[in-house]
Amino acid sequence: SRVAFRTFLYGKAWFLFTLIIFICSQAILNHLKTYDDEASSGSGSGTRRLAPSDVSAEEFTHTTDLPLEIRCAIFACRCFIYTCSMGQWIAFHAKSSFRDYKKGSLVRIGRLRIPEYLCVWQGCAGLFLTMFLILMLCMEPILHCLEHNDGFLFTEHCFEGENLLFPYSIMSTGAMLLYFVLLSDLSVFSTRVSAYALVCNRVIPELLLFLLGLAFIVLAFSCAVSALEQDDPDFAGLPLSALQLFKITLGMFSGLHYDMLMDYPALMGAIFMYVTTTVIFMLNLLIAQLNCAYQSTYLDMVGYARLNRGKIVVETMPGVSKRRWESVVQSLNLDQRVEFGEGDIGLSGGIQVWEPASMNVTTVDTIRRFGGSTSPAAQWPEEENAGDEEDGFDRIERLLEKSTKRMTSSKEGKKGSSQGGSSMGQGSSDHKSSSDINSQ
């Protein structure tokens, strides 16, 4: 597993490096400098937004744009992502799809037949990440502003770029989340962390059931509240009512809005029923479900983590080069004999592992040694006193059987004697009574 995990770590190190570049280009470099008007007035939040909220595309001036050094760094990072990361993912999917189609490893979903590697969550997440990166390249604001930059190189703020900044940021957000989802494979390096991740995957269905039940209850009460004759602005219509009910469940409904409900007794009663159903009942039921699901998988989660670790080792071994594999085999020295003890040379083909002498104390040597030839054709020598242990167990077993028979026979004898004594006593009494009658 050492050579397999080294290869696996090399691949994940490259993936982690591309993730760092992606974070720098999408979440760090574009927040290094605030707009000049916000900095001068002190009303800004200290961060740069992808699309200015107070400046329209027609009124935007490049005096508020980032410095040239930062723009060049953002453009270089995005070029690296589109070339190395997206290009690598496209090559991976093309290779995997061609391999599965060639082998006939296809899975039918309805009328579609998809490659088998997409049935694993890593392959499916990688496909969605590739699609997000391709859409980001198509909507890249810097590329759309190359011809309309007004002398500001690598800017993303122009009339064409401003219209694409928000959808581009949506694609960037989805790609960022998928990068971190795929990074969760690093949990296999720790059995405990991997087991925790597996337990989280096992309890996700319970959470989905809770969300489904919560959505049904929110829909029911939002329709009921909308049908109620009331003029509370927080519950004006079906969408606002559903939003406020979700806020109540998540604890985001402020106390001031609760005070406003006192003017509407019927609405207050409906909200009270909703809180009782969701906050008191549904949330506690979710906790009980998660607790039961965790207890049912807790005993097996370490075993599942080890199986997952072994699966990754098996899948990574074909990617290990022959030269590295031969060097690892040579470093194990499997052709050398292993010592059982100091001066006690054993067999070859093993790996010696040292441990403290007090860890496993043995009073009897379990290794039996015989002198003479080691030829397979030679007769195996008879062992002296080899059957003493087995004979000892046989003797103990026979003694137990004898003692059991003696105990049962003694109990039967006592029972028979007691029955005989009672019958004799009954016979003597009958004889005595008959003699008395004759005498009378």
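Tabulated results
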{"quantity": "Selection count where residues are modelled with pLDDT of 65 or more and open to solvent by less than 100 Å² (accessible area, probe 1.4 Å), scope region 378-390", "calculated": "2"}
{"quantity": "Residue within region 91-104 that is in contact with a helix residue (DSSP H, G or I) (Cβ under 7 Å, 6 or more places away or on another chain), touching a residue at least 60 places away in the same chain (Cβ under 8 Å) and assigned to a helix (DSSP H, G or I) present", "calculated": "no"}
{"quantity": "Residue that is modelled with pLDDT under 85 and open to solvent by less than 60 Å² (accessible area, probe 1.4 Å), where the choices are 159, 154, 132", "calculated": "154"}
{"quantity": "Selection status of residue 195, of a type in the set (Gly, Ala, Ser), in contact (Cβ under 8 Å) with a residue 60 or more places away in the chain, buried (at least 16 other Cβ atoms within 10 Å of the Cβ) and under 26 Å from residue 70 (Cβ atoms)", "calculated": "no"}
{"quantity": "Residue 212 being under 30 Å from residue 120 (Cβ atoms) and either without any contact (Cβ under 8 Å) to a residue 60 or more places away in the chain or of a type outside the set (A, V, I, L, M, F, W, C) (or both)", "calculated": "yes"}
{"quantity": "Filter result for the condition that a residue is at pLDDT 70 or above, surrounded by 15 or more Cβ atoms within 10 Å (Cβ to Cβ) and among the aliphatic types (A, V, I, L, M), over 9, 29", "calculated": "29"}
{"quantity": "Condition check for residue 172: within 30 Å of residue 295 (Cα to Cα) and open to solvent by less than 50 Å² (accessible area, probe 1.4 Å)", "calculated": "no"}
{"quantity": "Some residue of region 46-62 being assigned to a helix (DSSP H, G or I) and either open to solvent by less than 60 Å² (accessible area, probe 1.4 Å) or modelled with pLDDT under 90 (or both)", "calculated": "yes"}
{"quantity": "Condition broken by residue 222, with the remaining ones in (1) within 35 Å of the chain's Cα centre (by Cα); (2) over 30 Å from residue 185 (Cα atoms); (3) surrounded by 12 or more Cβ atoms within 10 Å (Cβ to Cβ) satisfied", "calculated": "(1)"}
{"quantity": "Helices (runs of 4 or more DSSP H) enclosed by region 246-352 - at least 1 residues per element that are modelled with pLDDT under 80, among the small types (Gly, Ala, Ser) and open to solvent by 60 Å² or more (accessible area, probe 1.4 Å)", "calculated": "283-298, 322-332"}
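The values are calculated or read from the model by the stated rules, or taken from the named source; none is laboratory data. Predicted model, so just to flag it, every value in this text is computed and none were measured. Here Cβ is always computed from backbone atoms with ideal geometry, including for glycine, and neighbour counts include all displayed protein chains. Please note that ligands, DNA and RNA were not included when accessible areas were found on the heavy atoms of the full protein model with its side chains. Shrake-Rupley method; radii C 1.70, N 1.55, O 1.52, S 1.80 Å.
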